[in-house]
Amino acid sequence: MSTWPVPVVGHGQLPSPPAVPAPEATRSLPGETYDAIVTGRTPSSTFARVITPTVGGMLVGRGADRDVGEQLRVKLVSTNMKRGFIDFVAAGGGVVG
């Protein structure tokens, strides 16, 4: 069963899935790739949410210049559960195909 495309509701608002507890996110190892969607941007940061498991983090490095609602593949590069940080990079060009 495919999770794509992810529906965008309202005026650019994304549906809010239930949060996954931090221990679930720690089961993932750096280097794993996931389908994700860009959920927010500031002048200095881009944020993405992985579809399964439902976790969010910052998109860092090359390919971080994305638009809200854009679907992409991300690779987990680091986690710091003590601080609540999860970092991703765009994987394989970052395009979902």
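The table below lists the values:
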| read-out | value |
| --- | --- |
| Residue within region 32-40 that is modelled with pLDDT of 90 or more and of a type in the set (S, T, N, Q) present | yes |
| Boolean, T46 is crowded, with 19+ Cβ neighbours inside 10 Å, on the phi < 0 side of the Ramachandran plot, at pLDDT below 90 and among the hydroxyl-bearing types (S, T, Y) | no |
| Hits in region 53-84 - residues which are touching a residue at least 24 places away in the same chain (Cβ under 8 Å) and within 14 Å of L29 (Cα to Cα) | P53, V55, V74, K75, L76, V77, S78, T79, M81 |
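The values are calculated or read from the model by the stated rules, or taken from the named source; none is laboratory data. Quick caveat: nothing in here was measured; it's all calculated off a predicted structure. Glycine also receives a Cβ, built like all others from the backbone with ideal geometry; neighbour counts cover every protein chain displayed.
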